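The structure appears below as structure tokens.
The values are calculated or read from the model by the stated rules, or taken from the named source; none is laboratory data. What you are looking at is a predicted structure, and each value in this text was computed from that prediction instead of being measured. Cβ placement follows ideal geometry from the backbone for every residue including glycine, while neighbour counts extend to all protein chains displayed.
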């Protein structure tokens, strides 16, 4: 609890036979508490070494204990426009602004608010995994652009066979921009009045940004054979599956000119990301000339960066400022899939003299911290972390 430097004079008096007698005048130092001061939650937080961390930052060991070697810890509650942040700041000598060195753990309150500080705190700070706040560079959604273009057989119609994008469209072209967070699965079909039939079904994870597409080219090898060649697009290597079981890029298909004038080819191509295209199309043969019914499709994915404050709710941020004033933050870059935080225990710790509550929170974490200026990153690995956090 912070102390006031102004004395308060306490006068002890009594009345006797209508006369006022001053018995004693004692100057006492009275120290009223500051309701919003983090030092009030409670006073032993900064002298009890139970609050601390143990682990490593990059190749260096990192050990901090409040109350030892001038390290202190301060729980605070910060109010923003659309969130409230529970924070625990480890620093030297109770520093709370621009501290170096310092290590701050921040937890963003779950939405919506109930209006009860203790209930809101318990909804946000409870045992279990905690996600990290996404950086400005983090992709949280994707714009998918699907386009069709005129092919060799333009007289006919084309349509999308599922709800992405919705409805049907008339050939020769269609374009739609759709926001996605999950996989895209869509089928496109074109039918020409000449009898050409073309369909392509696509499965695509937008986060890979590069879809897998395919087209088939056909050439006459001689009067008896047609060579089919699949041209894949996407991330190599590709796995190719023809309908006849072959897996090479080129296959030979027998052709008896006297009995047939078209071949219906089918091939599935899967790329290294697991995206695939399942293509079926007519190969037409007439007067010794072979043509593949080709209706080009363009599929593009554009990431949309995280910019919505609501994405912070229920998540955590870690910021380390070294002794040179260089800030390393978990939100200054895109986290690796190996990053994690897990709260293992939450215990009520005590009340301050003015009735504020404090909780002791135990957790472990492995997270990348980024230098925003240079882009350099280091791993912060903490096996034992004990924080004080308060709902008020």
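Before moving on, here are some points about what is shown:
- Flag for residue 60 being within 17 Å of residue 351 (Cβ to Cβ) and either modelled with pLDDT of 85 or more or in the same structural domain as residue 350 (by TED's automatic domain parsing) (or both): no
- Residue list for the range 119-140, restricted to those being surrounded by fewer than 17 Cβ atoms within 10 Å (Cβ to Cβ) and either assigned to a strand (DSSP E or B) or modelled with pLDDT of 85 or more (or both): 119, 122, 123, 126, 127, 128, 129, 131, 140
A quick yes/no check of all residues on (1) at pLDDT 80 or above; (2) over 25 Å from residue 145 (Cβ atoms):
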site	(1), (2)
173	no, no
251	yes, yes
256	no, yes
260	no, yes
276	yes, no
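- Qualifying residue in the range 342-365 (condition: surrounded by 17 or more Cβ atoms within 10 Å (Cβ to Cβ), modelled with pLDDT under 95, assigned by TED's automatic domain parsing to the domain that holds residue 103 and over 23 Å from residue 386 (Cβ atoms)): no
- Number of positions in the range 62-78 that are out of contact with any strand residue (DSSP E or B) (no Cβ under 8 Å at 6 or more places or on another chain) and either farther than 18 Å from residue 360 by Cα or surrounded by 19 or more Cβ atoms within 10 Å (Cβ to Cβ) (or both): 1
- Among the conditions (1) assigned to a strand (DSSP E or B); (2) under 22 Å from residue 314 (Cα atoms), the only one that residue 111 does not satisfy is (1).
- Qualifying positions in the range 325-336 - in a loop (DSSP other than H, G, I, E, B) and either at pLDDT 90 or above or surrounded by 18 or more Cβ atoms within 10 Å (Cβ to Cβ) (or both): 325, 326, 330, 331, 332, 333, 335
- The range 68-106, residues that are in a loop (DSSP other than H, G, I, E, B) and either under 13 Å from residue 387 (Cα atoms) or touching a helix residue (DSSP H, G or I) at 6+ places or on another chain (Cβ under 9 Å) (or both): 80, 81, 82, 83, 94, 96
- 2 or more residues crowded, with 19+ Cβ neighbours inside 10 Å and touching a residue at least 40 places away in the same chain (Cβ under 8 Å): qualifying strands (runs of 3 or more DSSP E) within the range 218-291: 225-233, 262-270, 276-286
- When the range 349-389 is filtered for residues that are in contact with a helix residue (DSSP H, G or I) (Cβ under 8 Å, 6 or more places away or on another chain) and not in a strand (DSSP E or B), the ones remaining, listed by number, are 352, 353, 354, 356.
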